[in-house]
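Worksheet: the structure to be examined is printed underneath.
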Amino acid sequence: MLIDKPLVVDKFRDFHKYIKNNDGKIGTKQRGLDINLRNACNLTCEHCFTMSPLGLGAKERLDIKTLKRIGNEAHELGIFELDIQGGEVLLDKEYLYDSLIALGTERFYVYVTTNGFYMNQEVAKRLKELGVDRCSVSIDSMNPDEHDKFRGKKGTWERAIKALKYVQEAGITPYLNITVGRWNIDSEDLRLLLDYSKDNRYTTLINVATPGGMWKEMESICVNEADTDHLIALRKEYKNILRNLWDPFDRNRESVIGCNTVNRLYITPHGDVLPCPYIHIKIGNVYESCLKDISNEGFKIKYFRDNSQKCLAGEDMDFIKKYMAKEGTTIFDPADPKELFAKDQFYTDKILN
């Protein structure tokens with residue numbers, strides 16, 4: 001990570017030291033926040049985990065005062081990454097800009113996740129001025145018609161492609177996000193996406209498909225162990241591919257640090273905190289508790305503290321069948337862990353003092 005933010009560099013070095021001393025595992029080290037500012041969106045993507053195509057949470061949003069406090073608490077915990085997302089964050093640009101200022105971007109490696117539809121040169125320049133380091137744009141296919149069909153709107157592919165160029169020209173690191181599952185893991189189209197990203201000097205971020213949100217209970221989309229091995233092979237071949245659970249310090253591009261549940265907290269527009277964007281289980285609320293206390297509650301759950309080497313939401317079929325989103329469970333109506341897990345699946349001690 002090359003970044004001109006001394007506070008972030010110090011925290012990243014501390015993260016590296018922790019991983020090295022913890023046998024290459026993420027353990028209980030806090031890493032990042034995924035913040036859903038507002039769930040309103042201009043697209044109707046088939047796989048949306050926040051279910052924004054149904055209008056859920058479209059009017060609610062996190063207030064600026066609370067965002068400022070969240071930024072301070074995150075910094076105190078050593079968190080170095082913030083992912084600002086929605087919904088579609090560029091639907092309300094001024095609110096996004098105010099949110100970035102409130103969070104204190106000089107203390108974090110900041111990225112904005114967008115569908116790219118409303119990105120232009122002026123917006124990209126403003127995001128750079130406000131301390132955004134990376135912009136992630138999802139591309140579902142190198143076939144424009146396929147991408148547009150998946151996103152539910154004509155012209156989205158062209159705008160997403162242009163968005164990556166705009167942020168690159170503005171000095172923001174462009175990330176091309178790809179969701180992979182059983183339908184495309186071994187496809188020529190995936191190869192074309194990977195080639196396009198590498199040829200344009202982007203970073204490719206891989207997200208495995210999860211059976212939640214609009215795809216709730218669709219376990220057939222999930223990758224299997226052979227697919228996971230295939231992703232590692234692609235990681236070695238392309239060298240610009242990342243996943244959050246992979247070890248970013250491994251030069252051989254083979255090892256993983258473990259599932260990032262609770263290490264990367266997900267905050268909804270209601271203030272509810274989930275262990276990750278795809279596991280709709282409530283471990284706290286930022287209007288009721290501080291991030292430290294919420295993290296402690298999350299790490300009391302053995303599944304999250306023991307660090308699976310698989311993505312719990314997308315690869316661990318045992319966890320998926322027992323605990324992933326069922327009918328009626330969403331990011332706005334998350335499950336209560338005390339009703340979901342047995343008593344022997346909880347620790348009683350605190351991690352963060």
**Prompt:** So, counting K/R as plus one and D/E as minus one, what does the shell of residues with Cβ under 14 Å around Glu76 add up to?
**Reply:** +1
**Where the range 30-100 is the region considered: accessible area per residue in Å², 1.4 Å probe** = 36
**Request:** Report the percentage of all Cα-Cα pairs in the range 13-58 whose separation exceeds 17 Å, rounded to a whole percent.
**Result:** 54
**Item:** Histogram of C-alpha separations across the range 1-148, 10 Å bin width, %
**Value:** 11, 36, 33, 18, 3
**D (Stokes-Einstein, µm²/s), Kirkwood Cα radius, the range 187-297, 0.890 mPa s at 25 °C** = 152
**Item:** the range 1-84: radius of gyration over Cα atoms, expressed as a fraction of 2.2 N^0.38 Å
**Value:** 1.40
**Asked** What is the sum of charges around Lys149, taking Lys and Arg as +1, Asp and Glu as -1, for the other residues whose C-beta is under 12 Å from the C-beta of Lys149?
**Response** -2
**Asked** When averaged across all projection directions, what area in nm² does the alpha-carbon convex hull of the range 125-266 cover?
**Response** 9.6
**Request:** Could you work out the equivalent-ellipsoid semi-axes for the range 102-160, taking the square root of 5 times each eigenvalue of the Cα gyration tensor, largest first, in whole Å?
**Result:** 27, 11, 8
**Item:** Normalised alpha carbon radius of gyration of the range 229-273 [divisor 2.2 N^0.38 Å]
**Value:** 1.48
**Message:** Given bins 5 angstrom wide, list per bin the percent of all Cα-Cα distances in the range 268-336, short to long.
**Reply:** 3, 17, 27, 26, 17, 9, 1
**Item:** Portion, in percent, of the accessible area of the chain that falls on carbon or sulfur, probe 1.4 Å
**Value:** 47
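Sort 39-51, 108-120 by the packing proxy (mean of other Cβ within 10 Å over each peptide's residues), most packed first.
Ranking the peptides 39-51, 108-120 by packing returns 108-120, 39-51.
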**Request:** Report, in deg cm²/dmol and to the nearest 500, the calculated mean residue ellipticity at 222 nm for the chain, where each DSSP H run with n ≥ 4 adds -39500 (n - 2.57) and the sum is divided by the residue count.
**Result:** -10000 deg cm²/dmol
**Prompt:** How big is D, in µm² s⁻¹, for the range 173-233 by Stokes-Einstein at 10 °C and 1.306 mPa s if Rh is the Kirkwood radius over C-alpha pairs?
**Reply:** 128
**Inter-label distance, nm, simple model (7 Å from Cα along the C-beta direction), Lys162/Glu219** = 4.4
**Asked** From the cross-link list Lys162/Lys292; Lys321/Lys343; Lys236/Lys326; Lys125/Lys310, which pairs have alpha carbons spaced over 29 Å apart?
**Response** Lys162/Lys292; Lys236/Lys326; Lys125/Lys310
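Rounded to the nearest 0.05, what FRET efficiency do Lys149 and Asp318 give with R0 = 35 Å and r taken as the Cβ-Cβ distance? Could you check? Present the calculation step by step, with values, prior to reporting the outcome.
Working: r = 33 Å, r/R0 = 0.96.
It comes to 0.55.
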**Item:** Virtual spin-label span in nm between Leu352 and Ala233, 7 Å along Cα→Cβ
**Value:** 4.0
**Asked** So for the chain: antiparallel DSSP bridges make up what percent, rounded to the nearest 5?
**Response** 20
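Of all trypsin sites (Lys or Arg not before Pro) in the range 1-105, which ones are in loop regions per DSSP and have a Cβ with at most 13 other Cβ atoms within 10 Å?
Values: sites: Lys11, Arg13, Lys17, Lys20, Lys25, Lys29, Arg31, Arg38, Lys59, Arg61, Lys65, Lys68, Arg69, Lys93; in loops: Lys25, Lys29, Arg31, Lys59, Arg61.
Answer in residue order: Lys59.
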**Message:** Just to verify a number: what accessible area does Met142 come out at with the full protein assembly present, 1.4 Å probe, Å² rounded to tens?
**Reply:** 50
**Difference of contour (0.36 nm per residue) and Cα-Cα distance, Asn22 to Gln121** = 31.3 nm
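Dividing the Cα convex hull volume of the range 204-263 by residue count, how many Å³ per residue is that? Provide the component values of the computation, followed by the final result.
Details: hull volume 5.9 nm³, N = 60.
It comes to 98 Å³ per residue, whole-number rounded.
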**Fill in**
For Asp63 and Asp195, extending 7 Å from Cα along the Cα-Cβ vector and measuring point to point gives, in nm, a value of 5.3
**Asked** Where does the range 66-187 land on Rg(C-alpha)/(2.2 N^0.38 Å)?
**Response** 1.13
**Request:** Could you compute the FRET efficiency for Tyr95 and Asp293, with r as their C-beta to C-beta distance and R0 at 22 Å, rounded to 0.05?
**Result:** 0.20
**Item:** Cα radius of gyration and Dmax for the chain (Å)
**Value:** 18.8, 54
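The values are calculated or read from the model by the stated rules, or taken from the named source; none is laboratory data. What you are looking at is a predicted structure, and each value in this text was computed from that prediction instead of being measured. Positions of Cβ are backbone-derived with ideal geometry, glycine not excepted, and every protein chain shown enters the neighbour counts. To get the accessible areas, we keep the full protein, side chains included, count just its heavy atoms, and leave off ligands, DNA and RNA. Shrake-Rupley method; radii C 1.70, N 1.55, O 1.52, S 1.80 Å.
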